[in-house]
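Written out below as structure tokens is the structure these notes cover.
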Amino acid sequence: MEDRPWWPRGIVQNHDESEIITSWGTTLLWLDDGIHEASWWNSKESTWGDWPEVESVTLLSEDHHGMWIDIGTHIALVIPIPTGNHCSRLVRNNKLNDAVKDYLDLPIAGISDPEDRVLIYSKNDALEKTGERVGELHSSLIDSGFSTPNNQKGWNARLKIVEDRLKTNTLWRAAHNNGTVGVPRIHLGATMRPLPIPLSESLLLDDAQLPALRGAVGLSLEGWSRTIGPRYSNRNVMRTSTGGIAHMRYDVMLMAKAESFAFAEDSSVIDAYLSKVDRLQAKLGTMRLVRMGIPFSLACGVVGVMLERIGEISSANTPLLIFVGIAMASKIVHDLVEPDWRQEF
């Protein structure tokens, strides 16, 4: 079992037949050798959805989530280490299902006790994940009342948890724009088929809602922006000074680092990315320093007017023009120094 792709050998400390003790906490272990026999599938009673009749069972592949099995008319994912009910909830919660069913290739049945342990999907090819499709999904979730306001405090706190655990020597917090809203945590791979959330996230974090913008990382931002609408994808949402897409990319890469650590996998590409964060932070520090010229100039302008009123100076016009010029110059330099959110770093 220790050599299976879904076994978190990077953090396991001990285990028995029902649980795994890791350096990040304890989690369930659920594995039944009967899954390789059709009789096991046909004897299940505590199921949900349209459970199929199974005549043949063939192991297709294994990954971090578990075992992908061809059961004849459908494909099943058996999850030996459950990470929550994020997938079954999309089907079993009627209101949520109405919001997502037209955009996701949802499981048609499963076993959840209460975590998802088996998920059964259609054999049809799942839709490719694109910016347009994810934007449509997010727009539907927002319109259906499943969005939450900007939660920058909580979103920044989750990053600190992972940074501290991994000792990444990176620290990046962002003051997200109000257009950055939260949507239900739906984990997608390369397709629009929802998958269990990564084991590392289930052990370290308790995320019900994450920024919609985070789901656009790695996709066509133009397509995502067009389908979700300008309110949630305008420049003030995207720009680096408010976190934007650059900070969301950092979030995604940090979580990828945690997953690689949990499964003792090579993370050299991720490490190379994280090594550049300090460089970007230096640019952001310079940008914030330049921006301080704006409130400084305004304050000096107010002082100049007050001094004119009490007769300490004959006219505040010249100082006002100087301070306005400084403020305008600060704004221009600030925008020039700000890293372009369209560029990878």
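The values are calculated or read from the model by the stated rules, or taken from the named source; none is laboratory data. Since we're looking at a predicted model, the values are computed, not measured. Neighbour counts run over all protein chains shown; Cβ positions are idealised from the backbone, glycine included.
Only one of the numbered conditions (1) aliphatic (A, V, I, L, M); (2) in a helix (DSSP H, G or I); (3) under 20 Å from the mean Cα position of the chain (by Cα) is not met by residue 104, and that is (2). In the set 188, 203, 199, only one residue is in contact with an Asp or Glu (Cβ under 8 Å, 6 or more places away or on another chain), under 17 Å from residue 256 (Cα atoms) and modelled with pLDDT of 95 or more; that residue is 199.
When you scan region 88-95, do you find a residue that is crowded, with 21+ Cβ neighbours inside 10 Å, at pLDDT 95 or above and part of a helix (DSSP H, G or I), even just one? Yes: one or more hits. Per the listing 206, 164, the residue uniquely out of contact with any Cys (no Cβ under 8 Å at 6 or more places or on another chain), without any contact (Cβ under 8 Å) to a residue 12 or more places away in the chain, outside the structural domain of residue 77 (by TED's automatic domain parsing) and assigned to a loop (DSSP other than H, G, I, E, B) is 206.
Rundown of residues vs (1) surrounded by 15 or more Cβ atoms within 10 Å (Cβ to Cβ); (2) assigned to a loop (DSSP other than H, G, I, E, B), yes/no style:
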site	(1), (2)
3	no, yes
10	yes, yes
14	no, no
53	no, yes
60	no, no
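If you check 213, 137, 141 for being under 14 Å from the mean Cα position of the chain (by Cα), at pLDDT 95 or above, among the hydrophobic types (A, V, I, L, M, F, W, C) and more than 17 Å from residue 258 (Cα to Cα), only one passes: 213.
Scanning region 132-159 for residues that are in contact with a strand residue (DSSP E or B) (Cβ under 6 Å, 6 or more places away or on another chain) and in a helix (DSSP H, G or I) turns up 138, 141. Applying the condition of being more than 22 Å from the chain's Cα centre (by Cα) and either at positive phi or among the hydroxyl-bearing types (Ser, Thr, Tyr) (or both) to region 62-87 and asking which residue is surrounded by the fewest Cβ atoms within 10 Å (Cβ to Cβ) yields 73.
Tallying residues that are among the small types (Gly, Ala, Ser), part of a strand (DSSP E or B) and without any contact (Cβ under 8 Å) to a residue 24 or more places away in the chain within region 16-36 yields 0.
Would you point out the residue of region 142-174, among those that are among the small types (Gly, Ala, Ser) and surrounded by 13 or more Cβ atoms within 10 Å (Cβ to Cβ), that is nearest to residue 251 (Cα to Cα)? Looking at residues that are among the small types (Gly, Ala, Ser) and surrounded by 13 or more Cβ atoms within 10 Å (Cβ to Cβ), I get 174. Taken over region 116-146, residues that are touching a Lys or Arg at 6+ places or on another chain (Cβ under 7 Å), among the aliphatic types (A, V, I, L, M) and under 14 Å from residue 76 (Cα atoms) amount to 1.
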